[in-house]
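Novice: One structure follows; several queries about it will come next.
Throughout, read-outs are computed from the coordinates displayed, never taken from laboratory work. Remember, predicted model here, so these are calculated numbers, not experimental data. Here the Cβ is made from the backbone with ideal geometry for all residues, glycine too, and neighbour counts use every protein chain on show.
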Amino acid sequence: MLDLTQLPAAFLLPFKAIFGWGSPYGLPSLFGAFLFMLGFYLIRRHSRPLGVVDYFQTMFPRRVMLSDSTKLDMRLWVVNGLVLSVVYGAVSIGGASCRDLTLGLLTKALGASTPLSWPWPVVMLLTTLVLLLAYEFAYWFGHFLFHRYAFLWEFHKVHHSAETMTIFTELRQHPVEILAFINVIALFTGITLGVLTYAFGPGAQPFTLLNGNLLLMAFLLTWGHLRHSHIWIAYRGLAGRLFQSPAHHQLHHSDNPAHWDKNLGFSLAVWDWLFGTLYIPAYKREDITFGVGEESREFRSIADSFITPFVKSWRHVAPKAHPKPKQA
C-alpha cells in the first residue's frame, strides 16, 4: 500500500541530489565559483575601479545567457538534474558494491588481510590521492570511448552541440552518456577502494569536504564550474600538465579539428598528458567557436537531443543490408 507520508521525501530527493551542500550544484560549490570569477575579474582590471554593471555584463553576457543554445541547456539541466536523477541512481552499480565485491574476491583469493600499520594520516592522504587518480582515469577512459567510437559519439554529440557555454552546459547530456559515466566511475573507484581497504583496513578513507573527496571538492569549489563558460583562464607550464583549466575544456569543445579529442580529463590533465591527448591552451584567448558545425542544428529540443542519437547510433551498429545480385 502506498505510504503517502513518503511522497514529500521522494519529491525532495532529486533536489537534494542536485542542490545539497555536498553536490556539484550546491550553494557552496556555486558560491565558490562566483568568488573565483570575481577574483579573476579583479585581477584582470588591475587598479581600475570595480564596476558592478560591467562585472555582470562581462561574466554573464546577454549574447550567451539568452542564446537558444543556453535555453536548451537549461531545459536539459532540469530534465537530467531534477527529473531523472532518481532513475540514474537506481540503475547505478554503486561504488560501495564494487568495493565490497573487490574486498571479498581478494579475501577469497589471498586470505584474510593483515592491514599495514601505517599512520592514519598517511593512509587517508594516500587514499585521497589514489581515489582522485582513479576517478580521473575512469572519467578520461569513458570520455575517450565516447570520442573514439562513432556509435557512442552520437550520444556524446549532444553535449558538444552547445554553441554557447554556461554552467548549465554540464548537464546538456544524453541519458545514455550519464549512465555510462556514473557506472564507469563507480566501477574504477570502487575497485580501487576495495584494494586499499584490503591493504590498510577500514581506515582507508579519503579526507572529505562536504561529503566528497577533499581534492575533487576543492576543484568544484573554485574553477570547476568555469569549464563550461566563456571565461578564458588558462594554465600553462607544469600547471597546464597537471590540471584542467577552464580554457583546457573550452578547447575541448572547439569545432577546430586541431582540438578534437583533446583534454578529456575532468579536474586533472595527467592522464591526457600520459596518453597524448593533452592540448595546453595559450594564455591569450584563442579564436574558437563551439559546437559541431551544421550538426548542432539537429539538437534544438529535448526530444531531438534524446531521440536523434539512438537513430544515428543504430546506423553505426546495425548490419548493412547488401542487395542480392540480379539473376541473369
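Novice: In Å, the Kirkwood hydrodynamic radius of segment 113-238 over pairs of distinct alpha carbons?
Specialist: Here the Kirkwood hydrodynamic radius works out to 16.6 Å.
Novice: Let me understand segment 136-197 better: what is its radius of gyration from the alpha carbons, and its Dmax, in angstrom?
Specialist: When restricted to Cα atoms, segment 136-197 yields Rg and Dmax of 13.3, 44 Å.
Novice: Which residues in segment 158-202 place their backbone N less than 18 Å from a point set 7 Å from the Cα of Ala112 along the Cα-to-Cβ direction?
Specialist: 197-202
Novice: Within segment 228-246, find all residues whose amide N lies under 16 Å from a label point positioned 7 Å from the Cα of Glu286 along Cα-to-beta-carbon.
Specialist: Of the residues in segment 228-246, 228-237, 240-246 have backbone N under 16 Å from the label point off Glu286.
Novice: I would also like to ask the following. For a quick protection proxy, order the peptides 119-126, 144-151 by their average other-Cβ count within 10 Å, most packed first.
Specialist: Output ranking for 119-126, 144-151: 144-151, 119-126.
Novice: Could you tell me the extents of segment 14-317's C-alpha atoms along the three principal axes, largest first, rounded to whole Å?
Specialist: 62, 55, 39
Novice: Quick check on the chain: helices-only [θ] at 222 nm, where DSSP H runs of length 4 and up contribute -39,500 (n - 2.57) each and the sum goes over total residues. Nearest 500, please.
Specialist: It comes out at -17500 deg cm²/dmol, rounded to the nearest 500.
Novice: Once you've got the GNM for the chain with C-alpha springs shorter than 10 Å, pick whichever of Leu209, Leu268, Leu196 has the biggest mean-square fluctuation.
Specialist: Result for the chain, Cα springs under 10 Å: Leu209 fluctuates most.
Novice: While we're on this one: Based on the mean of other beta carbon atoms within 10 Å per residue, what is the order of 105-114, 161-170, most packed first? Spell out each step's value before the answer.
Specialist: Numbers: 105-114: 10.6, 161-170: 22.5.
Answer by packing, highest mean first, reads 161-170, 105-114.
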